[in-house]
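Participant: Dropping a structure here in structure tokens format, bear with me for questions.
The values are calculated or read from the model by the stated rules, or taken from the named source; none is laboratory data. This one's a predicted model, so the numbers in the text were calculated from it and none came from an experiment. In this analysis, Cβ positions are derived from the backbone assuming ideal geometry, glycine residues included, and neighbour counts consider all displayed protein chains.
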Amino acid sequence: MLCEQCQAQEATIHVTLVVGPGGDMSKRDFCQLCYPEVEAEHLRSYNLLAGVPPPFTIDVQHITASEYFEASERAQRNGVDGPAYKRISSELRRLPDARRRLALEMLTMASEALARAEDPWSLVVRGCGFGGAVQWEEMSPYTALLEKIISRAFDLLGNGAYHAPVYHLSFGLRAALLALRRVSPARLSAVLDALKQRAGEINQDRCRKVISDIEEQLSNVEKMATRKRRR
């Protein structure tokens, strides 16, 4: 049986669709190459009938942090926006200037969220991920943002004044510390020493546990890096 779309490849995907207001059943047969396109078109048509907004489009070179997260959220809510988000992620891999800008934007937003005791988890993790593109001339504001996030997150862990799951906060804290390690191991050592002192002053077991876990994680990362260098 040939694919009804291209009439060239063997039909290996067989679907039954409900069509029309009467709920009539329609059997369709497609090859593996044609089916994704047909399914995407079917989903677009369904969404238009259901009043779902059209697929998200954006200028990736000048995308803002807010637009990036909007695209991510739309892709999670609505499958038709999935390819658009994948395209954004793919294009960003070849746009270091955009990644540098997004890193600073996202970490600034994360710092502001922490000041309101709100959840900055996705901002910190994604901002640190894009931080690998930060150049030397931007390193000072980048490390300053990381240290500000680390300090505020640690304080919130200690006083419990946080409006989201604690594991989000500790995960974001770990991500910021690991990002700081990549750009300045010396600053990381100084920051960890300061956190240990503060944990002792406030006598907060949760903070000490987080520091212990982070030091173990950093040690494992260093061991892995050493093994790679020896290969």
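Participant: Kindly indicate whether E201 is of a type in the set (D, E), assigned by TED's automatic domain parsing to the domain that holds M224, modelled with pLDDT of 90 or more and assigned to a helix (DSSP H, G or I).
Facilitator: The answer is no for E201.
Participant: Restricting to region 110-132, count the residues that are polar (S, T, N, Q) and within 14 Å of F154 (Cα to Cα). Spell out how you get there, then give the answer.
Facilitator: Kept after step one, since they are polar (S, T, N, Q), are these residues of region 110-132: 111, 122.
Now restrict to residues that are within 14 Å of F154 (Cα to Cα): 111.
Looking only at that region, the number is 1.
Participant: Among the residues of region 117-126 satisfying the criterion of being farther than 14 Å from R174 by Cβ and crowded, with 20+ Cβ neighbours inside 10 Å, which is nearest to the chain's Cα centre (by Cα)?
Facilitator: R126
Participant: I'm checking my understanding of the structure. Among residues of region 62-78 that are of a type in the set (G, A, S) and buried (at least 16 other Cβ atoms within 10 Å of the Cβ), which one is farthest from V134 (Cα to Cα)?
Facilitator: A75
Participant: Only residues that are outside any loop (DSSP other than H, G, I, E, B) and modelled with pLDDT of 80 or more: list them for region 1-35, please. Give the derivation first.
Facilitator: Of region 1-35, the ones outside any loop (DSSP other than H, G, I, E, B) are 2, 10, 13-19, 24-30, 35.
Within region 1-35, L2, E10, I13, H14, K27, R28, D29, F30, Y35 qualify.
Participant: If you don't mind, there's one more thing I want to ask. Kindly indicate which of K196, K209 is touching a Lys or Arg at 6+ places or on another chain (Cβ under 9 Å) and over 14 Å from T143 (Cβ atoms).
Facilitator: After ruling out the rest, the residue left standing is K196.
Participant: Something else about it: Tell me the residue from D193, D155 that is exposed (fewer than 13 other Cβ atoms within 10 Å of the Cβ) and either farther than 22 Å from S66 by Cα or hydrophobic (A, V, I, L, M, F, W, C) (or both), please.
Facilitator: When all the criteria are applied, what remains is D193.
Participant: Between residues in region 62-89 that are in the same structural domain as A103 (by TED's automatic domain parsing) and residues that are of a type in the set (D, E, K, R), which pairs lie under 9 Å by C-beta distance while being six or more apart or on different chains?
Facilitator: Pairs that qualify, where the first residue is in the same structural domain as A103 (by TED's automatic domain parsing) and the partner is of a type in the set (D, E, K, R): there are none.
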